[in-house]
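Participant: Quick one: this structure, given as structure tokens, is what I'll be asking you about.
The values are calculated or read from the model by the stated rules, or taken from the named source; none is laboratory data. Predicted model only: the values in this text are computed from it and were never measured. We place every Cβ from the backbone using ideal geometry, glycine too, and count neighbours over all the protein chains shown.
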Amino acid sequence: MGSLDQQPAGSATRMEAGSAMSHHVVIVGAGFAGLSLAQSLGSTPLRVTVIDRRSYHLFQPLLYQVATAVLSPGEIAQPIRRILGRHKNITVLLGEVDHINPERKEVYINGEALTYDTLVLATGATHGFGHSEWARFAPGLKTLEDARRIRAQILMAFEKAEMERDPSERERLMTFAIIGGGPTEVEMAGAIAELARQALARDFHYIDPTKARILLIEAAPRILGPFPEDLSAYAEQELKRLGVTLLTGKPVEDVNERGVGVGGEFIPCSTVVWAAEVAASPAGQWLQVGSDRAGRVAVAPGLSVPGLDSVYVLGDLALALGEDGKPLPGLAQVAHQQGRYLGKALPARILRNETPPPFRFHNRGNLAVVGRNSAVVHWDSFKLQGFIAWLVWGIAHVYLLVGFHNRFLVTMRWLWTYLTFQRGSRLITEDVIRTQATDAERGGPEAAGAPDPSQTSNLRKTADQPT
Ligand SMILES: Cc1cc2nc3c(=O)[nH]c(=O)nc-3n(C[C@H](O)[C@H](O)[C@H](O)COP(=O)(O)OP(=O)(O)OC[C@H]3O[C@@H](n4cnc5c(N)ncnc54)[C@H](O)[C@@H]3O)c2cc1C
């Protein structure tokens with residue numbers, strides 16, 4: 001095995017053993033947790049290496065807007081190298097960590113070893129399935145690739161419906177099911193409804209996109225479970241106003257290439273999105289420490305891993321307890337605060353030999369947008385709904401985006417969408433179509449939702465009246 005150990009370019013001399021710069025902090029993952037930690041360590045004399053398998057930091061809370069053609073992928077992603085480039089003590093490596101040896105204090109990137117003095121794992125969560133057999137028909141929303149695939153699937157469903165003569169198949173193509181009633185699913189359902197009823201409304205000749213059926217399926221009795229009941233009732237009412245059908249209190253029983261089974265009924269649909277379930281990355285297995293059912297690694301109050309020397313776990317990967325003794329939720333604000341905390345705690349421990357206080361999470365409130373002019377905000381006893389909540393949601397998300405460039409682009413894009421009701425990112429790119437075609441080859445034509453060639457297409461049936 002090779003070794004990646006080297007001094008960063010531009011460091012004038014070899015570092016003296018025992019000096020602060022000889023202490024090597026390796027951070028795996030530049031999501032909300034890893035990036036905020038790296039930024040905090042940027043002004044310290046520690047030597048820091050940030051490893052990520054992607055070249056960019058992704059702002060996941062706005063992924064659904066890429067999936068529904070509001071934003072382009074580049075507007076919610078920012079190159080990690082650009083964000084951290086000004087810090088001379090930070091090296092950025094693009095690569096996938098696949099193994100760790102805590103005894104030798106080594107991480108392995110594509111088989112190459114890198115030694116650390118302190119290791120911080122912030123590799124987040126992936127889309128997980130209790131039913132792996134459903135995964136193929138119900139894409140999750142976790143990466144830019146997922147968002148682009150879902151966007152192509154939604155837009156292609158309308159394109160295929162335009163060519164479809166069979167009314168029941170056309171109805172199936174124009175039926176979309178979102179599984180789960182959390183903020184992301186509510187946002188996704190509202191955004192698809194607005195796409196169909198506003199942006200696409202006049203763009204087709206044979207079909208009427210405003211007749212698209214959008215289902216939001218939630219096993220619990222109400223959507224937005226962590227929000228107070230009146231806010232979730234408001235969100236339900238707003239979704240209904242947008243034309244979303246709510247199926248609450250009904251667990252999903254089946255998902256296949258033709259649709260979803262729910263509450264004893266089978267509903268034919270072309271697109272099923274399952275954003276709800278996440279599973280932590282396999283870092284717990286690398287460390288050979290116990291993890292919970294979701295794969296999260298239990299951490300001490302200072303976010304270190306009990307029993308391991310100088311190993312810390314942050315963000316979605318960490319099972320950290322709040323002051324009430326309950327696990328902290330997998331939220332960007334938790335990950336961000338943990339990164340900032342460790343950014344102060346590590347220098348205190350390593351450089352000044354101090355014992356930092358334990359991590360404390362400060363809840364900055366929960367937000368969910370339903371659609372145009374409509375959102376809910378909950379913070380302690382403070383509740384807000386409607387237009388002002390929508391403005392708060394927008395301002396908070398623009399503020400939290402990394403980089404002035406992206407903040408400016410997203411603000412402009414939202415303004416344009418708000419004024420014109422249009423979507424700026426409706427391209428179906430060839431690579432995504434090719435991926436769908438490959439899926440179809442693997443699973444048969446229905447697996448990728450391809451039209452049945454035995455049906456006569458509307459293109460050939462010129463006498464048809466547009467619907
Ligand atoms: C669709 C969606 C919407 C969301 N909306 C909200 C919201 O509105 N509000 C909110 O607070 N939270 C939201 N969240 C949750 C929030 O995004 C996460 O809690 C947060 O991203 C967790 O941060 P993290 O740093 O732990 O992990 P991540 O941000 O997921 O980052 C993990 C990083 O590790 C890298 N990585 C993973 N494995 C490896 C490996 N083996 N080697 C190298 N690199 C690796 C990944 O490439 C990634 O860059 C949403 C999540 C999703 C998916």
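Participant: Select from the range 140-156 the residues that are of a type outside the set (Lys, Arg) and under 12 Å from the mean Cα position of the chain (by Cα) and list them in ascending order. Before the answer, list the steps.
Facilitator: Of the residues in the range 140-156, the ones of a type outside the set (Lys, Arg) are 140-141, 143-147, 150, 152-156.
Those that are of a type outside the set (Lys, Arg) and under 12 Å from the mean Cα position of the chain (by Cα): GLY140, LEU141, THR143, LEU144, GLU145, ASP146, ALA147.
Participant: Filtering the range 305-326 down to residues that are within 13 Å of the ligand (Cβ to nearest atom) and in a strand (DSSP E or B), which residue is surrounded by the fewest Cβ atoms within 10 Å (Cβ to Cβ)? Explain how you work it out, then say what you get.
Facilitator: Taking the range 305-326 as the starting set, the residues that turn out to be within 13 Å of the ligand (Cβ to nearest atom) are 312-320.
Subsequent filtering for residues that are in a strand (DSSP E or B) retains 312-313, 318-319.
On the way: TYR312: 26, VAL313: 32, ALA318: 27, LEU319: 19.
Looking at residues that are within 13 Å of the ligand (Cβ to nearest atom) and in a strand (DSSP E or B), I get LEU319.
Participant: Does the range 341-356 contain any residue that is more than 20 Å from PRO102 (Cα to Cα) and within 16 Å of the ligand (Cβ to nearest atom)?
Facilitator: yes
Participant: For VAL25, state whether it is more than 30 Å from ALA189 (Cα to Cα) and touching a residue at least 40 places away in the same chain (Cβ under 8 Å). Even if it seems obvious, please write down each step before you answer.
Facilitator: Details: more than 30 Å from ALA189 (Cα to Cα): yes; touching a residue at least 40 places away in the same chain (Cβ under 8 Å): yes.
When the stated conditions are applied, VAL25 passes them.
Participant: For ALA201, which of the numbered conditions (1) in contact with a strand residue (DSSP E or B) (Cβ under 9 Å, 6 or more places away or on another chain); (2) within 24 Å of ALA67 (Cα to Cα) fails to hold?
Facilitator: It is condition (1) that ALA201 fails.
Participant: Do the conditions hold for THR123, that is, is it β-branched (Val, Ile, Thr) and crowded, with 21+ Cβ neighbours inside 10 Å?
Facilitator: Working: β-branched (Val, Ile, Thr): yes; crowded, with 21+ Cβ neighbours inside 10 Å: yes.
Judged against the criteria, THR123 is a match.
Participant: Residues of the range 260-277 being crowded, with 20+ Cβ neighbours inside 10 Å and either in a strand (DSSP E or B) or modelled with pLDDT of 85 or more (or both), which ones?
Facilitator: Initially, the range 260-277 is screened for residues crowded, with 20+ Cβ neighbours inside 10 Å, giving 260, 262, 269-276.
Across the range 260-277, the qualifying residues are VAL260, VAL262, CYS269, SER270, THR271, VAL272, VAL273, TRP274.
Participant: Turning to a different aspect of this structure: Does ALA113 satisfy being away from the ligand (no atom under 14 Å from the Cβ), aliphatic (A, V, I, L, M) and closer than 30 Å to HIS23 by Cα?
Facilitator: yes
Participant: Another question, then. Taking the condition of being more than 13 Å from the ligand (Cβ to nearest atom) and free of Cβ contacts under 8 Å to residues at least 24 places away in the same chain, how many residues in the range 363-378 meet it?
Facilitator: Residues in the range 363-378 being more than 13 Å from the ligand (Cβ to nearest atom) and free of Cβ contacts under 8 Å to residues at least 24 places away in the same chain: 1 in total.
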